[in-house]
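Where a number appears in this text, it was derived from the coordinates with a stated rule and is not lab data. None of the values given here were measured: they were computed from a predicted structure. Here the Cβ is made from the backbone with ideal geometry for all residues, glycine too, and neighbour counts use every protein chain on show.
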Amino acid sequence: MAAALITWNEIDAARRRIANVAVRTPLVRVDPERLRAAGFGRLAENSPEIYLKDESAQPVGSFKLRGAYNKIAQLSPEELRRGVITYSSGNHAQGVAYAARALGARAVVVMPSNAPRVKREATLALGAEVVTVGPASSQRRQRAEELSAEHGYTMVPPYDDPAIVAGQATCGVEILEQLPDLDLVLSPVSGGGLLSGVAAGVKLRAQADGVVPPQVWGCEPALAADAAESFRTRSLVEWPAEKTSQTICDGLRTQSLGKLNFELILRFVDGVITLREEEIQAAMRIILQTTRLVAEPSGAITLAAALFHAQELPTARKIVAILSGGNLDPAAEPSQKKEA
């Protein structure tokens, strides 16, 4: 059964392993009065208590450090000596580069040609070697596997790996500890590492504590809705790169969920919702105007779900929307036009 694919003990071990590297990120309240002052009075009137889990506060600006460090910290000295490799559009690249540098390992990252420049430059600044391929997620994975076989690098997958999932699950555990009476957790979903990890962390921790867990929902761009289709049909599907690459959410352009992540999502996730591009852009502005936090599109998508699709979500008094990252490409910055 899927429940056997990750255990509470693995998640708890990941918590201890990353404790001195990853930040225990804060929950930031989206204040209704600030929402109203920013020109969103109608949304302020109807919204429940909404908190942002600010993963942009991590040293690499996103949640990805949790899983990357948990994976690389378990490698043998010989594996560290040979180096590690991954494939990523940016945030996982930085997580791997940071963790590898901290543990004294060489890092090679295969990135797509359309990766945001700010993420590419940050990855290079952390000491990683960057190899560029085309925009398809399948292309970068294939090239990374070729280089791994050629040079003996250890693969650090962006999502489809138990150690990566256990690391991301620590985010969900923190949420439950910080706000025990919450009703709903919203997580972005791409390859499924964060969503499957957070859902497993929340549900397994609640089970261990003997309490009723909150619901956990995934949030995905309508332009890259392979996870929503997979969840709805209970069958793993893949979307073509020419479709998924159209979304502004550069971190959510993966063409398919990972196999492990899909099994965990079916076991622990309660639903997946899709968002329009204009809703995601509006949420980016709202986050900046109400909290002064900077959210990349992939991180703002959860607030977009809470504010614009409340009728499709379960009734909730307290919601935590995971702001998965703040590595915003200046070219993608939304306009300042307000939506009444």
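Mind giving me the FRET efficiency for Val212 and Glu121? R0 is 41 Å, r the Cβ-Cβ distance, nearest 0.05 is fine.
0.35
Could you give the spread of the C-alpha atoms of the range 223-340 along their three principal axes, from largest to smallest, in whole angstroms?
Taking max minus min along each principal axis of the Cα atoms, the range 223-340 gives 40, 37, 21 Å.
Pull out the extension gain between Ala19 and Glu146, defined as 0.36 nm times the separation in residues minus the alpha carbon to alpha carbon distance; nm, one decimal.
42.4 nm
Suppose we keep just the DSSP beta bridges with both residues in the chain; what percent of those would be antiparallel, to 5? Intermediate results must be reported in sequence, preceding the final value.
Values: 4 of 34 bridges.
Percentage antiparallel, nearest 5: 10.
Can you put Lys203, Lys64, Lys71 in order of Cβ neighbours within 10 angstrom, beginning with the fewest? Write down the numbers at each step before the final one.
Details: Lys203 24, Lys64 34, Lys71 27.
In increasing order of surrounding Cβ atoms, one gets Lys203, Lys71, Lys64.
Over the Cα atoms, compute the radius of gyration (one decimal) and Dmax (the largest Cα-Cα distance, rounded to a whole number) for the chain, in Å.
That works out to 18.5, 58 Å for Rg and Dmax.
Report the extension gain between Lys243 and Leu27 in nm, rounded to one decimal, defined as 0.36 nm multiplied by the number of residues separating them, less their alpha carbon distance.
Residue separation times 0.36 nm, minus the Cα-Cα distance, leaves 74.4 nm.
Based on C-alpha coordinates, I'd like the Rg and Dmax of the range 75-155, in Å.
Rg, Dmax (Cα atoms, Å): 11.6, 34.
Considering the zone a paramagnetic label at Asn114 would reach in this model (a point 7 Å from Cα along the Cα-to-Cβ line), which residues of the range 225-263 have amide N under 16 Å from it?
Counting backbone N atoms under 16 Å from the label point, the list is 225-226, 239-256.
Given a Förster distance of 45 Å, report the FRET efficiency between Glu177 and Ser76 from their Cβ-Cβ distance, rounded to the nearest 0.05.
The value I calculate is 0.90.
Collect residues whose amide H, placed 1.01 Å from N in the peptide plane, falls under 5 Å from the amide H of Val272; neighbours closer than 5 in sequence don't count.
Answer set, sorted by chain and number: Gly218.
Would you mind checking which residues have amide H under 5 Å from Tyr87's amide H? H placed 1.01 Å from N; only 5 or more apart, or other chain.
Those qualifying (amide H under 5 Å, at least 5 residues apart or on another chain) are Val110.
Rounding to the nearest 20 debye, state how big the charge dipole of the range 75-155 is about its Cα centre with +1 on each Lys and Arg Cβ and -1 on each Asp and Glu Cβ. List each step's numbers first, then the result.
On the way: 10 positive and 7 negative charges, 51 e Å.
Once rounded to the nearest 20, the dipole reads 240 debye.
Please go through the residue pairs Lys119/Lys203; Lys53/Lys259; Lys203/Lys259; Lys71/Lys318; Lys243/Lys318; Lys71/Lys203 and name each one whose alpha carbons sit more than 28 Å apart in this structure.
Lys119/Lys203; Lys71/Lys318; Lys243/Lys318
Whole angstrom only: what separates the Cα centroid of the range 122-153 from the Cα centroid of the range 232-297?
Spelled out, the Cα-based centre of one part sits 23 Å from the other.
Sorted from fewest to most neighbouring beta carbons within 10 Å, what does the list Leu5, Leu307 look like?
Leu5, Leu307
Distance from a point 7 Å along Cα→Cβ of Gln311 to each backbone N in the range 20-47: keep the residues under 12 Å and list them by number.
Residues passing the 12 Å test: none.
Around Val130, which amide H atoms from residues at least 5 apart in sequence, or from another chain, sit under 5 Å from its own amide H, with H modelled in the peptide plane?
It is Val109, by chain and number.
Order of Val118, Val165 from fewest to most other C-beta atoms within 10 Å?
With the sparsest Cβ surroundings first, the list reads Val118, Val165.
Where the Cα atoms of the range 149-301 are projected onto their three principal axes, how long is each span, largest first, in whole Å?
Principal extents (largest minus smallest coordinate, Cα): 45, 45, 34 Å.
At q = 0.08 Å⁻¹, what is the log10 ratio I(q)/I(0) for the range 46-191, with the Debye formula run over Cα points and no solvent?
-0.23
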